[in-house]
Amino acid sequence: MNHKYSLFIFVLSLNVSAVLGQTADVKLEAPKAKITTVSAMRARGGPTIDAAEIMRLKLGTVVTATAHSTAQDTIGGKTDFWYSVNLPSGKTGWVFGGLLLDYTQPQREQLLRQIIESRLKAENTEFADREEVYDLASAAVEQAQDLNTRAEFELLKLLALAHWGVTVPDNLRDKSPYREWHKAHGATFIPNEFGGGYNLRAEMLWQLESKYHNLSIADRIAWEAAQMLPPSDCEGDEACNFFLYEGEIKYLSLHPTGAHVSEVLNHLIEAMTDDLINRANAKGADKYAVQERIDLRKMFTSLRLALAKISASEKAELLKKLDRVTALPR
C-alpha cells in the first residue's frame, strides 16, 4: 500500500474517532430523574451548545436521563456533562447537566423550595422568566401536603409575584403580555414612579402573616412584609426616611422575640436623630409641618408600645430617645 495513502487513512480514522468521541454517549446504569433549575431551558439535538434547539423546558420540569456525553462541558461557569433525556413531547434531546438537579419524589418540596429561592435571588431576569418562577410557586402551593409547607410556599408565591412585578413597564400596560398581567395582578401592586416597575402592596404579606401567625414561618413573613417598602424618594429627609420604618415597628410588635429584633432596633436607633426629635417637639409652622409632627408622634407611640414587649438590650437606648419627646404617652 502506498505510504502516503496509509498515512491519510490513519489520520482520517483519528479524526473520525475524535468526532465520535465528542458525540457518543455513555449509557447510565439506570434511568435517572432530573429537574430543571432555570426558565426556558434549551433541549438540543446533540451534546453541544451549537446543536439545533428542539424545544424549551419550563422551570421545574422533571425529565428522565438515560445517558450522558463522554466529556464534560463548561457553560456559564458551570462544568458538567450533557444528558440525553426523554422530553415531555415524547422526543429525545440533550440538556446541560449544570442546569439540572437530581430528582426524587420524596425530595420534591425541598427541591422546589431550593429552585424558587435561587431564582428569586436572580436580578437580571426578564418578565417571562419571572412568570415561570411565579407559576412554579403557585403549583407548589396547590400540591403542598401540610399546613407548614403550604404557608411557606404561599410566602414564596407572593415573593415571586413581587419579583415579577418589578419587570412590568408602565408605558406598555395596554400591550400583551403586560395587559393580561395588569388584569390579573394590578390591584395588588403600586406603580413605582421612582424606580420603575411595580411594587407589591405590603398588606398582601401582612394578611398572610395574620393567616399563619401561630406558625414558625410567620416571623419570616412579617420580616418580608416589613421590607416591602412603598415607592418613595426621600432625598435625605430624615422624617421621610423614618416613616419607612413603620413596617419594622409593626414587626417588633408582632414578633418581640423574632430573629430580626436586634437588627430593627439598631435601624431605629440610627434613624431617630436629634433633628427628628426636635421636629417632633417643635411648635407652630405650616400645616405640613404640623401633620409631620402628628405622624412622627404617632409612630413614636407605636414604637414605645412595641418596646414594652421586648427584652433585647438595644431597647434601652431607644427608650432614652423616646423620653426626649415631650408629652409622649408612656
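Return yes or no: is W164 free of Cβ contacts under 8 Å to residues at least 60 places away in the same chain, crowded, with 22+ Cβ neighbours inside 10 Å and out of contact with any helix residue (DSSP H, G or I) (no Cβ under 8 Å at 6 or more places or on another chain)? Taking the combined requirement at face value, the residue does not satisfy it. Among the residues of the stretch 257-306, the one identified as within 28 Å of the chain's Cα centre (by Cα) and more than 20 Å from E317 (Cβ to Cβ) is A259. Per the conditions (1) in contact (Cβ under 8 Å) with a residue 12 or more places away in the chain; (2) hydrophobic (A, V, I, L, M, F, W, C); (3) surrounded by fewer than 17 Cβ atoms within 10 Å (Cβ to Cβ), the sole criterion not satisfied by V290 is (1).
For every residue, the table says whether it meets (1) more than 30 Å from R173 (Cβ to Cβ); (2) in contact with a Leu (Cβ under 8 Å, 6 or more places away or on another chain); (3) touching a residue at least 24 places away in the same chain (Cβ under 8 Å).
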position	(1), (2), (3)
W82	yes, no, yes
L100	yes, no, yes
R113	yes, yes, yes
S118	no, no, yes
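Figure legend. Inter-residue proximity from the stretch 128-156: first residues closer than 20 Å to T37 by Cα, second residues polar (S, T, N, Q) and crowded, with 17+ Cβ neighbours inside 10 Å, beta-carbon distance below 6 Å, spacing 6+ or different chains. Indicated pairs: D129/S39; R130/T167; E132/S39.
Residues in the stretch 50-71 that are part of a loop (DSSP other than H, G, I, E, B) and among the acidic types (D, E): 1 in all. Note on the stretch 203-240: residues that are within 23 Å of G258 (Cα to Cα) and part of a helix (DSSP H, G or I) amount to 20. Here T74 passes the criteria (1) exposed (fewer than 13 other Cβ atoms within 10 Å of the Cβ); (2) more than 17 Å from the chain's Cα centre (by Cα); (3) in a helix (DSSP H, G or I) except the one numbered (3).
Which one is surrounded by the fewest Cβ atoms within 10 Å (Cβ to Cβ) among residues in the stretch 126-145 that are modelled with pLDDT of 95 or more and part of a loop (DSSP other than H, G, I, E, B)? Per the criteria, the residue is E126. With respect to the conditions (1) over 26 Å from E126 (Cα atoms); (2) out of contact with any Gly (no Cβ under 7 Å at 6 or more places or on another chain); (3) surrounded by 13 or more Cβ atoms within 10 Å (Cβ to Cβ); (4) of a type outside the set (G, A, S), L99 falls short on a single one, namely (1).
The values are calculated or read from the model by the stated rules, or taken from the named source; none is laboratory data. Remember, it's a predicted structure, so these values are computed and weren't measured experimentally. Note that each Cβ is placed from the backbone with ideal geometry, even for glycine, and that neighbours are counted across all protein chains shown.
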